Structure formats: structure tokens, C-alpha cells
Amino acid sequence: MILNRANFVSFLVTAFVGAIFLLLAFETWALFTGNKTITDYFRGAVHDVPGLVLVIAIVVGIVLGHFLWGPASGLLAPAPRKLRDLMSRRAAD
């Protein structure tokens, strides 16, 4: 298997979906057996270190927003530029 950017992103998405599946399976098991659910763990973490939980929530929101919204397109989107144009512009500044 050749490890390039597309394969790496596919692997990360697959791992993320697999982790979500395992978390949902654990939550279902906890609800059926009366054990402590994931919500109870988060509630305890929020009371112990609220600043860290806020930072984690912001980072997760930024990452999800970046991947779910994708690149700008449509009438108001900026025109695509070539890398060569951007590099020559930086050299002129």
C-alpha cells in the first residue's frame, strides 16, 4: 500500500467513523445494562477541568467544520488562483 495524502485521509476518516461506532456501541451497552454512560464521564470532566473541555470542544468544532463545509464555491467564492501566481506575488511584496 502506498501512503499518500488521499490514502492517509481515507484512513483517518475510516478510523474516525470506527471510533464513533465503538462509542455508540458502548453507549448502547451502558444504557441496556445500567452502567455509567459516556455522558456521565463528560459531566465529571466538565466539573473537574472546564477550561480544557472548552478548548477541546472548540478544536473539535473547527476540525469538523473544516472537513464538513469544504472549499468555497458559488457566486461569492473567490476566483481560483494558481500556486505560481501566489508565489510571484509573495516575492514582489
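Structure values in brief
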{"quantity": "Subset of the range 24-36 (residues that are open to solvent by 90 Å² or more (accessible area, probe 1.4 Å) and under 25 Å from Phe67 (Cβ atoms))", "calculated": "Leu24"}
{"quantity": "Residues (more than 19 Å from the chain's Cα centre (by Cα) and either in a loop (DSSP other than H, G, I, E, B) or aromatic (Phe, Trp, Tyr) (or both)) located in the range 42-53", "calculated": "Val49"}
{"quantity": "The range 54-80 - residue that is outside any helix (DSSP H, G or I) and closer than 18 Å to Val9 by Cβ and, of those, most open to solvent (accessible area, probe 1.4 Å)", "calculated": "Pro71"}
{"quantity": "Selection status of Thr39, part of a helix (DSSP H, G or I) and open to solvent by less than 70 Å² (accessible area, probe 1.4 Å)", "calculated": "yes"}
{"quantity": "Tally of residues being part of a helix (DSSP H, G or I), modelled with pLDDT under 70 and open to solvent by 100 Å² or more (accessible area, probe 1.4 Å) across the range 81-93", "calculated": "2"}
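The values are calculated or read from the model by the stated rules, or taken from the named source; none is laboratory data. Note that the structure is predicted; figures quoted are calculated from it, not measured. Positions of Cβ are backbone-derived with ideal geometry, glycine not excepted, and every protein chain shown enters the neighbour counts. We work out accessible area using only protein heavy atoms, side chains counted, and drop any ligands, DNA or RNA first. Shrake-Rupley method; radii C 1.70, N 1.55, O 1.52, S 1.80 Å.
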